[in-house]
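First the structure, in the form of structure tokens, and then the observations on it.
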Amino acid sequence: MMSIDSMRLKDQYSIFIEVHNSSALHVGEDCYLTGSFNNWEIPGYKLGQIPPVGQTLAVRVDDMPVGHLDVKLTRGKWETCQAYGDGRIADSISIDVPEKELIRFHVKHWRDEFPNSTASPQVHVLADRFYLPNLDRHRRLWIYLPKEYDAHAKSYPVIYMHDGQHLFDEAVSIGRAGPVEWKVDETIDISASKAIVVGIEHADTYDERLDEFLIEPFGDLKSPKGLLYLQDIVEAVKPYVDLHFRTLSDAEYTAVVGSSAGGLISLYAGLLYPNIFGTVGAFSPSLWMGHDLLGLYANRTAEAQSSVAKQAYYFYAGGREIRQDKNLGKVDLAMDMQEFIVFFKNQKIADATVDIDPHGRHSALYWQRVFQRFYDWWSTSLKF
């Protein structure tokens, strides 16, 4: 007969964690499990002490909810996550509960054994306080220059990206699942095709970020400043970059990319400035905050619509992107995006590539991976 402590609660199951230690550092210190099961709270679930080198800590964790599970191992802080040999925080481990019940960690390194910055030498702070005149605010700008930039006189395509803190460096990245950077620099470092990337810092708080990334009123935001933000990119940031760096400045070689609300403002950038941005990358775009997006397109002049038709759009969404919005209730991002794309394609608005990850969540863990696919697609299509 099953003992009481091993009986499964309704829709909750036990999983088993094994932590095999190959590091002489931190033996005997507490280690913790955090993940989607506890909304990535730190320190998380205490597993026990890190075992001696060559030994394994085995633990049963009860009351896990049914469904897809992402987890990471830490010593109680994000700065002490399990890490790879190059210092980057290890990717989360994923299983589906109850189909799988065992997760194995093989620990060789921890994040705090390495320097804070994970940015490649090709990443530079373009300006600590770049003035955005329409917003009347200052923002930090980062720029990625290909390794061979100084070796010859070649000009490069440019990608303009929002949320610059998250693109290149774990030391400045902030995320619900820890400081997860997009590895934009690493992606281009190993690619045969090279481009310049400009990262624009987002505002300090979630509400301020939304205020600058939305066009339409939404919730408590009655007069969001997204149009001003886009004007600043087009009228201030891009001219500065084109003046001071060797860029291929035409729309054909200029992309704008973002995720979540940054994905939404990227769609607006494409539809409002088709002669500036020839390619748009919209990762998990928050379409429920921009219901008039296609109405805006419909009201554009025939000439503007003709320019949009020359663009290319890369849409990404995860099949597990379910959000609970205080104004709208349950929002299924993948369904929203698929409905949007049906209209987009039926109206023959522009070329559209669709990337759906059935297991994807609304997280930088997935945007990191999709950027690699986007960049391969973009560089191949442009043949630069």
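Specify the residue that is farthest from Gly175 (Cα to Cα); the eligible residues are those in region 366-384 that are among the basic types (Lys, Arg) and part of a helix (DSSP H, G or I). If we take residues in region 366-384 being among the basic types (Lys, Arg) and part of a helix (DSSP H, G or I), then Arg373 is farthest from Gly175 (Cα to Cα). Going by the conditions given, is Phe374 modelled with pLDDT under 90, buried (at least 20 other Cβ atoms within 10 Å of the Cβ) and closer than 19 Å to Tyr268 by Cβ? Judged against the criteria, Phe374 is not a match. Of all the residues in region 150-167, those that are farther than 27 Å from Pro43 by Cβ and either buried (at least 17 other Cβ atoms within 10 Å of the Cβ) or not assigned by TED's automatic domain parsing to the domain that holds Asp232 (or both) number 9. Scanning region 280-290 for residues that are farther than 14 Å from Ile349 by Cβ and either among the β-branched types (Val, Ile, Thr) or touching a residue at least 60 places away in the same chain (Cβ under 8 Å) (or both) yields Gly281, Phe283, Ser284, Met289, Gly290. Tallying residues that are among the acidic types (Asp, Glu) and either in a loop (DSSP other than H, G, I, E, B) or surrounded by 19 or more Cβ atoms within 10 Å (Cβ to Cβ) (or both) within region 13-47 yields 2. Restricted to region 336-365, and to residues that are among the β-branched types (Val, Ile, Thr) and part of a helix (DSSP H, G or I), which residue is farthest from the chain's Cα centre (by Cα)? So, considering only residues that are among the β-branched types (Val, Ile, Thr) and part of a helix (DSSP H, G or I), the one farthest from the chain's Cα centre (by Cα) is Val342.
Taken together, Gly281, Gly319 contain a single residue that is within 18 Å of the chain's Cα centre (by Cα), surrounded by fewer than 20 Cβ atoms within 10 Å (Cβ to Cβ), assigned by TED's automatic domain parsing to the domain that holds Tyr206 and more than 16 Å from Ile215 (Cα to Cα), which is Gly319. Answer with yes or no whether Thr205 is among the β-branched types (Val, Ile, Thr), closer than 17 Å to Tyr375 by Cβ and under 21 Å from the mean Cα position of the chain (by Cα). No; evaluated as a whole, the condition is false for this residue. Looking only at residues of region 110-146 that are loosely packed, with under 13 Cβ neighbours inside 10 Å and part of a loop (DSSP other than H, G, I, E, B), we find that the one that is modelled with the lowest pLDDT is Pro115. Of all residue pairs spaced 6 or more apart or on separate chains, none has beta-carbon atoms under 6 Å together with a first member in region 340-355 that is outside the structural domain of Gly278 (by TED's automatic domain parsing) and a second member that is among the charged types (D, E, K, R) and part of a helix (DSSP H, G or I). Please enumerate the residues belonging to region 70-99 that are in contact (Cβ under 8 Å) with a residue 40 or more places away in the chain, among the charged types (D, E, K, R) and surrounded by fewer than 17 Cβ atoms within 10 Å (Cβ to Cβ). Once the filter is applied, which keeps residues that are in contact (Cβ under 8 Å) with a residue 40 or more places away in the chain, among the charged types (D, E, K, R) and surrounded by fewer than 17 Cβ atoms within 10 Å (Cβ to Cβ), region 70-99 yields only Asp91. State the number of residues belonging to region 239-252 that are in contact with a strand residue (DSSP E or B) (Cβ under 7 Å, 6 or more places away or on another chain) and in a helix (DSSP H, G or I). Residues that pass the stated criteria total 1. Do we have any residue at all in region 200-211 that's at pLDDT below 95, outside any helix (DSSP H, G or I) and in contact with a Phe, Trp or Tyr (Cβ under 6 Å, 6 or more places away or on another chain)? There is no residue in region 200-211 that is at pLDDT below 95, outside any helix (DSSP H, G or I) and in contact with a Phe, Trp or Tyr (Cβ under 6 Å, 6 or more places away or on another chain).
What are the residues in region 212-232 that are part of a loop (DSSP other than H, G, I, E, B) and free of Cβ contacts under 8 Å to residues at least 40 places away in the same chain, if any? Across region 212-232, the qualifying residues are Pro217, Asp220, Lys222, Ser223, Pro224. When Tyr45, Tyr32 are screened for being modelled with pLDDT of 90 or more, over 14 Å from Gln82 (Cα atoms) and assigned by TED's automatic domain parsing to the domain that holds His68, only Tyr45 passes.
The values are calculated or read from the model by the stated rules, or taken from the named source; none is laboratory data. Since the model is a prediction, treat every value here as computed from it, not as a measurement. Cβ atoms come from the backbone with ideal geometry, glycine included; neighbour counts cover every protein chain shown.
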